[in-house]
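The values are calculated or read from the model by the stated rules, or taken from the named source; none is laboratory data. It should be emphasised that the depicted structure is a prediction, and the values quoted were computed from it without experimental measurement. FYI the Cβ positions are ideal-geometry reconstructions off the backbone, even for glycines, and counts take in every protein chain you see.
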Amino acid sequence: MSVGGTGELSTKRTIRAIHESDLEQFLESVNLLEKARQGELKCADCGEKLVLKEIARIRVHESGISVYCYRETCDNSGGG
Ligand SMILES: [Zn+2]
């Protein structure tokens, strides 16, 4: 029995697929909601400006918060 191909072992510590209102609550809790509403947040990967509804994922670091857009190319956590 052989197993070939891709190993899909990813342990992303990412908040995703959360409801929009939950997103707002979270952003508010970290004082980013205002920035998000004003489009001042940028995707931490591609650098694209994001408004609230464009935020697909949020990563929480010890040093801060990173937000990501919906692009598939920004879905990779780079081995985090
Ligand atoms: Zn992006």
Exercise for review: Go through (1) at pLDDT 85 or above; (2) under 14 Å from the mean Cα position of the chain (by Cα); (3) more than 12 Å from the ligand (Cβ to nearest atom) one by one and return the number of the condition Arg13 breaks.
Suggested key: (1)
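Find the residue count for region 63-74, including only residues that are over 13 Å from Leu32 (Cα atoms) and near the ligand (Cβ under 10 Å from one of its atoms).
Residues of region 63-74 that are over 13 Å from Leu32 (Cα atoms), as a first pass: 63, 68-74.
Of the ones still in play, those that are also near the ligand (Cβ under 10 Å from one of its atoms) are 68-74.
Qualifying residue count, region 63-74: 7.
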Exercise for review: Please identify the pairs in which a residue from region 39-62 that is within 11 Å of the ligand (Cβ to nearest atom) has its Cβ atom under 7 Å from the Cβ atom of a residue that is among the charged types (D, E, K, R) and part of a loop (DSSP other than H, G, I, E, B), counting only partners at least 6 apart or on another chain.
Suggested key: Lys42/Glu48; Cys46/Arg71
